[in-house]
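Worksheet for the structure shown next.
Throughout, read-outs are computed from the coordinates displayed, never taken from laboratory work. All values derive from a computational prediction rather than experimental measurement. Every residue, glycine among them, receives a Cβ derived from its backbone with ideal geometry; neighbour counts consider all protein chains shown.
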Amino acid sequence: MTRSHADFAKRVDALFSQFSGPDMPGAVVAVTENGREIFANAYGLANINNDIPMGRKTIIRIGSQSKQFTVLLTLMLEAEGKLSMDDEVQKHLPYVPRLEYPFTLRHLASNTSGYRDFLDAMIFSGLSIFAPSDRQTVREIIARQDALNFKPGSAMVYSNSGFFMLYEIIERIEGATFNEILRKRVTGPLGMHDTSLMLRDGSVMKRLAAHYTKRAEGWFHLGWGLEEDGGGGIVSTLDDVVVWQQNLSNPIIGTAEMYQRMATPYVFDNGATGCYGLGLVTDVYRGRRAVGHGGGVAGGKSESVRFIDDGLSIVIIANNDQIAPFTVARRIADLYFGTAEPTPIRLPPGRYRQEGGPDVFEIVVKDGVPTFRNSNMYGGMTGFDFGHPCGAKPERTTDLVLSPRPDGKIDGTYCGTPRVYVPLTADARAAAPLAGRYANTTQGLEVDIDGDAHRGMFRLRSDLGTMNAPIVAADSDLWLLLEPGTDTRPDLPWIATLSITADSFEINSDRIKKLRFMRV
């Protein structure tokens, strides 16, 4: 480290200044150097109602950091001959349908199966993730899917379905609950006694933080109605996650070979190397290898990253969704290494469409910084990792890299495949209204649409629920499905695109592709 410890601490504290005021939720952070703690602090309140401060023993949701524990347990079972990562999923879960291509446990753990994300699928079945649901509902949603997003191994799209399936397989093989298995094999031996799977938001647990979101009226408690699993349901503390980080570097449980496999990025069918391994993400930030995983849940975000060639490790856990822990962790790394904050790559604001495809993203300038927005319904807006060698990379688990062109278009590379994104006009008109009745009979989904060539209403119903949302034209053959409960202003966030053909349309979101509805 090139700066004094006092100066480093002061500068890290400044990164969390937004939580220094009264009645604010907050975050906890720890920085270690070759296993030795050089900085730790807690900011804001664990519970605003009761004025309880955050601390290193506060129990907080860590979201998708859970995935690395699920993968480790899977690899442990493989080492004992109880499964193989090359097993087809249906060998262990007969309720999972066989679709266009076979997919394996390795595909599940690397987000390369092409299986649709059950959270997105739940919403497009009319069931809000905030409405009460159970584990059997997730099984039924997985069982009714009628297509894959892509051929397994050809790309990476984040899919919580894959980790739900691994979670189910682990419990079926061991004949015990995930919590029992986790405690016996991982958290017990490591002394991580505050780390466990918390199935539902609203559970009662000593030292458990409340989780918050920000609305115009102020802070609100936020929780999902679904039953959590090994893909995102674990709660932990700052102390426990530091112990886990150190175990990844110097294993007490598991083996170095297992963690090397987890950190090795997947190589796609086209020979390109991605960022996701098996439950861990490996990327290069300003020439330094970074291995870790983030998390985002209702009212909480987290990041755990190790700069494995430099001995630097950073943990951030927050009980609110207003922080950008991926960004903040890399600002901490910049302070540690004595490097200046990266110069932003100038990406012109506006909405862009994949040329010849259905994907849309938006560049929004927020506080003077370009910010990425797409149809991720629970990730919200995020900034960019400007330390990526190929351009600007959205700060979430994705293999998309963007670079501006002089002609106003944006070059992209997604999973090693080149793409071009073209600007969309602000007041688009479709070639024809989308009005009519449509259905996906395999999944029992029906949709009624009314409106003109500029805007309309999308009304979906199924045996699981309903969804009513506005649509606005984005191009002659493309519509944006806006968030339910909003109006039809074209500048509002969207949750999916509707790609039009002569007798059908397809829903494409961040994690669901090619969900087809035929005109009735």
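Pulled fully out, how much extra length does the chain show between residue 172 and residue 151, if you take 0.36 nm times their separation in residues and subtract their Cα-Cα distance?
Working: separation 21, 0.36 × 21 = 7.56 nm, distance 2.72 nm.
Taking residue 172 through residue 151 to full extension adds about 4.8 nm, to one decimal.
Given (i) 23, 55, 21, 1; (ii) 21, 39, 27, 12, 1; (iii) 23, 58, 19, 0 as candidate values of P(r) over Cα pairs in 20 Å bins from 0, in percent, which corresponds to the one derived from the coordinates?
(iii)
In the chain, what % of DSSP beta bridges are antiparallel (nearest 5)?
On the way: 110 of 113 bridges.
Among the beta bridges of the chain, antiparallel pairing accounts for roughly 95 percent.
Given a cut-off of under 8 Å on Cα pairs at least six residues apart, what relative contact order in percent is computed for the chain?
Numbers: 1197 pairs, mean separation 77.1, N = 520.
It comes to 15 percent, rounded to a whole number.
Expected output is a single nm value to one decimal: the length gained when fully extending between residue 403 and residue 140, i.e. 0.36 nm times separation in residues minus the C-alpha distance. What is it? Don't skip to the answer; put the middle values down first.
Details: separation 263, 0.36 × 263 = 94.68 nm, distance 4.06 nm.
Extra length available between residue 403 and residue 140 comes to 90.6 nm.
With θ set to phi - 60°, apply the Karplus curve 6.51 cos²θ - 1.76 cosθ + 1.60 along region 140-157 and write out the HN-Hα couplings as whole Hz, x wherever there is a Gly or Pro.
Couplings: 5, 5, 5, 5, 9, 5, 10, 6, 9, 5, 6, 5, x, x, 8, 7, 10, 10 Hz.
Using a basic spin-label model with each label point 7 Å from the Cα along Cα→Cβ, how many nm lie between residue 215 and residue 33?
Here the answer is 4.5 nm between the modelled labels.
FRET efficiency for residue 454 and residue 98, Cβ-Cβ distance as r, R0 = 56 Å, nearest 0.05? Don't skip to the end; give the middle numbers.
Working: r = 42 Å, r/R0 = 0.75.
According to the calculation, E is roughly 0.85.
Pop out the ³J(HN,Hα) list for region 238-253 in order, Karplus 6.51 cos²θ - 1.76 cosθ + 1.60 with θ = phi - 60°, rounded to Hz; leave Gly and Pro as x.
4, 4, 5, 5, 5, 4, 5, 4, 5, 5, 5, 7, 9, x, 9, 10
At 4 °C and 1.567 mPa s, grab the translational diffusion coefficient of region 436-519 from Stokes-Einstein with a Kirkwood Rh over Cα pairs, rounded to a whole number in µm² per second. Write down the numbers at each step before the final one.
Values: Rh = 12.8 Å.
Diffusion coefficient, whole number: 101 µm²/s.
Percent of Cα-Cα pairs per 5 Å bin, from 0 to the last occupied bin, for region 242-348, please list those.
For region 242-348, the pair-distance distribution reads 2, 11, 19, 21, 20, 16, 8, 2, 1, 0.
So, in Å, what gap is there between the alpha-carbon centers of region 84-134 and region 173-250?
Computed from Cα coordinates, the inter-centre distance equals 22 Å.
Put +1 on the Cβ of every Lys and Arg and -1 on every Asp and Glu Cβ in the chain; which of 124, 148, 298 then has its Cα farthest towards the positive end of the dipole?
Farthest towards the positive end: 298.
First measure r as the distance between the Cβ atoms of residue 86 and residue 429, then evaluate 1/(1 + (r/R0)^6) with R0 = 45 Å and state the FRET efficiency to the nearest 0.05. Could the numbers behind the result be given before it?
Numbers: r = 50 Å, r/R0 = 1.12.
The formula returns an efficiency of 0.35 here.
Say the dipole of the chain comes from +1 at the beta carbon of Lys and Arg and -1 at that of Asp and Glu; which of 275, 203, 55 then lies farthest toward its positive end?
55
From the phi angles alone, apply the Karplus equation (6.51, -1.76, 1.60; θ = phi - 60°) to region 74-88 and give each ³J(HN,Hα) in whole Hz, x where the residue is Gly or Pro.
5, 5, 5, 5, 5, 4, 8, x, 8, 7, 10, 5, 8, 5, 5
Which of the listed residues, 480, 222, 518, is farthest toward the dipole's positive end in the chain, when Lys, Arg count +1 and Asp, Glu count -1 at the beta-carbon?
With unit charges placed on the Cβ atoms, the residue in question is 222.
Students often get this wrong, so check it: of 206/301; 57/91; 184/214; 82/393, which have C-alpha atoms separated by over 30 Å?
Working: 206/301 20 Å; 57/91 41 Å; 184/214 38 Å; 82/393 39 Å.
In this structure, 57/91; 184/214; 82/393 exceed 30 Å between Cα atoms.
Please return the longest stretch of the chain lacking exposed loop sites, where trypsin sites (Lys or Arg not before Pro) count only if DSSP places them in a loop and at most 11 other Cβ atoms lie within 10 Å.
Details: sites that count: 98, 206, 346.
Longest run free of exposed loop sites: 347-520.
Per DSSP helix of 4 or more residues, -39500 (n - 2.57); summed, then divided by the residues of the chain. What does that give at 222 nm, rounded to the nearest 500? Before the final figure, lay out the partial values.
Working: 10 runs with 98 residues, N = 520.
The helix-only estimate for the chain comes to -5500 deg cm²/dmol at 222 nm.
Treating the beta-carbon of each Lys and Arg as +1 and of each Asp and Glu as -1, no other charges, what is the dipole magnitude of the chain about its Cα centre, to the nearest 20 debye? Don't skip to the end; give the middle numbers.
On the way: 55 positive and 61 negative charges, 91 e Å.
Rounded to the nearest 20 debye, it is 440 debye.
Net charge near residue 147: determine it from the other residues with C-beta under 15 Å of the C-beta of residue 147, scoring Lys and Arg +1 and Asp and Glu -1.
Numbers: positive: 98, 116, 144, 151, 511, 513, 514, 516; negative: 100, 117, 120, 146, 506.
Summing Lys/Arg as +1 and Asp/Glu as -1 gives +3.
Could you give the angle, 0 to 90 degrees to the nearest 10, between helix 325-337's Cα long axis and the longest principal axis of the Cα atoms of the chain?
Tilt of helix 325-337: around 40 degrees.
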